[in-house]
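Here's the structure, in structure tokens; my notes come after.
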Amino acid sequence: MQTRIIFVCLGNICRSPAAEGVMQYKVDAAGLQDRIKLDSAGTIAYHAGDRADSRMRSTAKRRGYNLTSISRCLTQKDLGTFDYIVTMDDSNYDDTASLIERHGQTGELVKFTDFCRHHDVSEVPDPYYGGDDGFERVLDILEDGCDGLLDRVRGQG
Ligand code: 4NP
């Protein structure tokens, strides 16, 4: 059985493309690329068609993650396509929950930080208007949560 996961943030140029890239790296390392399919999207379409933010890409690249996704907005169809809809912060969660309320879903809406085991945080902070350390911090949290999420999907978490 295949598990489909979509990561959701605001613009789909910083946090969710990075989550997708980190998770893809871990899925590939575990040899599970046929079993786990990943995507990402934003709750707004403002950056649709754009590559991930260059600061996010370069910070990720230094850790070995290649961010290739192109920004797109979360759609009604996504709600029924993915088994896990994983949001980065409370605002993304609330916006996605509203979309689900209007359109229904089949997937499970979850907060990314619920999968963290080493970071006691309730949100992945938006790095867009901050400095370089914000992008490093995002990756620290994402690496932690992706390990937890992978364990959950494998049935161990
Ligand atoms: P993301 O970051 O939600 O992690 O992709 C942001 C991207 C763009 C904006 C804000 C946050 N913006 O205001 O355009």
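What follows draws every value from the coordinates through simple rules; no lab data is involved. Nothing here was measured: the structure is a model prediction, and the numbers come from that model. Cβ coordinates were reconstructed from backbone atoms using ideal geometry, including for glycine residues, and neighbour counts include every protein chain displayed.
For the range 47-86, the candidate set comprises residues that are within 11 Å of the ligand (Cβ to nearest atom) and part of a helix (DSSP H, G or I); within that set, the residue that is farthest from the chain's Cα centre (by Cα) is 55. Spot the failing condition for residue 6; the list is (1) part of a strand (DSSP E or B); (2) within 16 Å of residue 127 (Cα to Cα); (3) touching an Asp or Glu at 6+ places or on another chain (Cβ under 6 Å), and only one is missed. Every condition holds for residue 6 apart from (2).
Checked against (1) over 21 Å from residue 145 (Cα atoms); (2) more than 16 Å from the ligand (Cβ to nearest atom); (3) crowded, with 23+ Cβ neighbours inside 10 Å; (4) aliphatic (A, V, I, L, M), residue 5 meets all criteria but (1). Just so you know, in the range 9-46 the residues that are under 10 Å from residue 71 (Cα atoms) and part of a strand (DSSP E or B) include one that is nearest to the ligand (Cβ to nearest atom), and it is 42. Candidates are the residues of the range 61-101 that are touching a Lys or Arg at 6+ places or on another chain (Cβ under 7 Å) and in contact (Cβ under 8 Å) with a residue 60 or more places away in the chain; the one that is farthest from residue 112 (Cα to Cα) is 81.
Can you name the residue in the range 102-140 that is in a helix (DSSP H, G or I) and over 13 Å from residue 14 (Cα atoms) and is also nearest to the ligand (Cβ to nearest atom) among such residues? Looking at the filtered set, the residue picked out is 112.
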